[in-house]
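Chemist: Pasting a structure below so you can have a look.
No value in this document is a laboratory result; all are computed from the given coordinates. Quick caveat: nothing in here was measured; it's all calculated off a predicted structure. Methodologically, a virtual Cβ is constructed for each residue, glycine included, from the backbone with ideal geometry; neighbour enumeration extends over all protein chains shown.
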Amino acid sequence: MAQFTRFAGLSMLGLMLGSAALAQGYPERQITMVVPFSAGGPTDTVARLVAEKMSESLGQQIIVENVGGAGGTLGAGRVASAEADGYTVLLHHIGMATSATLYRSLAYDTLNAFDYVGLVTEVPMTLVARKDFEPADMAAFVSYVKENADSITLANAGIGAASHLCGMLFMQALDAPIVTVPYKGTGPAMTDLLGGQVDIMCDQTTNTSEQVRGGTIKAYAVTTPERLEIFPDLPTVAEAGLPGMEVAIWHGIYAPKGTPPEAIEKLSAALQAALADEGVAAKMADLGTAPSPAEDATPQALQAKLESEIDRWKPVIEAAGVYAD
Ligand code: ASP
């Protein structure tokens, strides 16, 4: 027994030294950042923006891999079971918290399967529609949707996605069950909205701002407590009488549980440097959002956010009684 303990202790020490040695030269090769939604969507846009700058300070390229499906839980599951060596990370949003309740049999344990790198940004959402959708403003939109709920289609990125959450809050506020059409991300959903195959969507400004500006889709309201600088004419949901729809889509970067702390530290420092970059801030401002402050781009802040958001959304989802399985 004593021998076994000594042996186990020695091999444990070996493992620890090994991982420290591995992490010291970290990163020595390309890093994969998994985005749990399609390319060209809002989460993908945020990921590519920070990945490019993080690559510069890490001295190694971060490539973005899109693993869409099941409202972001497929991609998160991929990272949960990836090697914990710092070479696979996940950029996910609020869906990490909501899916913990929406899915009763997830392939991973949300609070125990990941290490935390830091928060990235909080993105507002917009209620949008195909450009020839009849209602002219938010008041008309609300009554039109109430009256025609059974013939309107609402796009989302699957159960657990931010677009699903926002759509759910909208349906609850109006007490109108709208037919939903799930995609692997709101990138392809936007393509269908532009083509007129679906009617409405609630999506992040990181996906909608250019289309709204270009007049290729219609926007009705923003989900923030204040109006947005980029869309001063759009009312907030509270102004439109739907205060329960206020929601901001916080994004964070995670790594598989057991990733060497040295790698986490370097990833966090690279994230903070990316968020302090003026070019990144300017691009985010153009997309209606802003970088998280440096003190939030830390493992502690992301962990606290995830825990509090799971607690915040659990009763809302349970009251709605909507589950993915
Ligand atoms: N962020 C979008 C959503 O949650 C999905 C995506 O990024 O494509 O609906």
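Chemist: In the structure shown, do any of Lys266/Lys305; Lys53/Lys218; Lys53/Lys283 have a Cα-Cα gap over 24 Å, and if so which?
Modeler: Lys53/Lys218
Chemist: Next up: Using the C-alpha atoms of segment 56-95, what convex hull volume per residue, in cubic angstrom, is computed?
Modeler: Given the Cα convex hull of segment 56-95, per-residue volume reads 81 Å³.
Chemist: When the dipole is taken about the Cα centre of segment 172-325, and only Lys, Arg (+1) and Asp, Glu (-1) are charged at their Cβ, what size is it in debye, to the nearest 20?
Modeler: So the magnitude is around 280 debye.
Chemist: Something else now. Calculate how steeply helix 2-24 sits against the longest principal axis of the alpha-carbon atoms of the chain, using the helix alpha-carbon long axis, and give the answer as 0 to 90 degrees to the nearest 10.
Modeler: Compared with the principal axis, the helix lies near 60 degrees.
Chemist: Find which of Ala320, Gln61, Met138 sits farthest along the positive direction of the dipole of the chain, computed with +1 on the beta-carbon of Lys and Arg, -1 on that of Asp and Glu, about the Cα centre.
Modeler: The listed residue farthest towards the positive side: Gln61.
Chemist: Next question. Considering only Leu49, Leu275, Leu91, give the residue with the highest GNM mean-square fluctuation for the chain, with springs between Cα atoms whenever their separation is below 10 Å.
Modeler: Residue with maximal mean-square fluctuation among Leu49, Leu275, Leu91: Leu49.
Chemist: For the residue pair Glu28 and Asp109, what label-to-label distance in nm results when each label sits 7 Å from Cα along the Cα-to-beta-carbon direction?
Modeler: My value for the distance between the label points is 3.2 nm.
Chemist: Would any residue of segment 47-82 have its amide N under 16 Å from a label point 7 Å out along Cα→Cβ of Asp325? List them or say none.
Modeler: Flagged as within label range: 69-81.
Chemist: Kindly provide the pair-distance distribution of the chain built from C-alpha pairs, with 20 Å bins from 0 and whole-percent values in order of increasing distance.
Modeler: Result, from short to long distances: 33, 53, 12, 2 percent.
Chemist: Take the chain, connect every pair of alpha-carbon atoms lying under 10 Å apart with a spring to form a Gaussian network, then pick out the residue of Thr205, Thr43, Thr153 with the largest mean-square fluctuation.
Modeler: Thr153
Chemist: Compute the Cα gyration tensor for segment 195-325, then decide on rounded, prolate or oblate, letting a ≥ b ≥ c be the square roots of its eigenvalues: rounded whenever a/c is under 1.5, prolate when a/b is larger than b/c in the other cases, and oblate in all that remain.
Modeler: Oblate.
Chemist: Which of rounded, prolate or oblate describes segment 11-153 when judged by the alpha-carbon gyration tensor and an a/c cut-off of 1.5?
Modeler: prolate
Chemist: Which of the trypsin sites (Lys or Arg not before Pro) across segment 89-190 are loop residues per DSSP, with 16 or fewer other Cβ within 10 Å?
Modeler: In loop regions of segment 89-190 (DSSP not H, G, I, E or B), the sparsely surrounded trypsin sites (Lys or Arg not before Pro) are Arg104, Lys131.
Chemist: Would you mind telling me the antiparallel percentage of the DSSP bridges in the chain, rounded to 5?
Modeler: About 60 percent, rounded to the nearest 5.
Chemist: Inverting the mean 1/r over all pairs of different Cα atoms, compute the Kirkwood radius of segment 170-264 and quote it in Å.
Modeler: Computed over segment 170-264, the radius equals 15.7 Å.
Chemist: Here is a further query. Quote the charge dipole size of the chain about the Cα centre in Debye, to the nearest 20; the model charges only the Cβ of Lys and Arg (+1) and of Asp and Glu (-1).
Modeler: Taking the Cα centre of the chain as origin, the dipole is about 700 debye.
Chemist: Measure nothing fancy, just the Cα-based angle from helix 299-320's long axis to the longest principal axis of the chain, in degrees from 0 to 90, nearest 10.
Modeler: 40
Chemist: While we're here: Looking at the chain as a GNM with Cα springs under 10 Å, which of Asp44, Asp296, Asp132 has the largest mean-square fluctuation?
Modeler: Judging by the Gaussian network model, the answer is Asp132.
Chemist: Sequence neighbours fewer than 8 away in the same chain don't count; with that in mind, list the aspartates and glutamates whose C-alpha is under 15 Å from Lys257.
Modeler: List returned: Glu83, Asp85, Asp109, Asp115, Glu265.
Chemist: Can you find, among Thr224, Thr32, Ile200, the residue sitting farthest towards the positive end of the charge dipole of the chain, where Lys and Arg contribute +1 and Asp and Glu -1 at Cβ?
Modeler: Farthest towards the positive end: Thr32.
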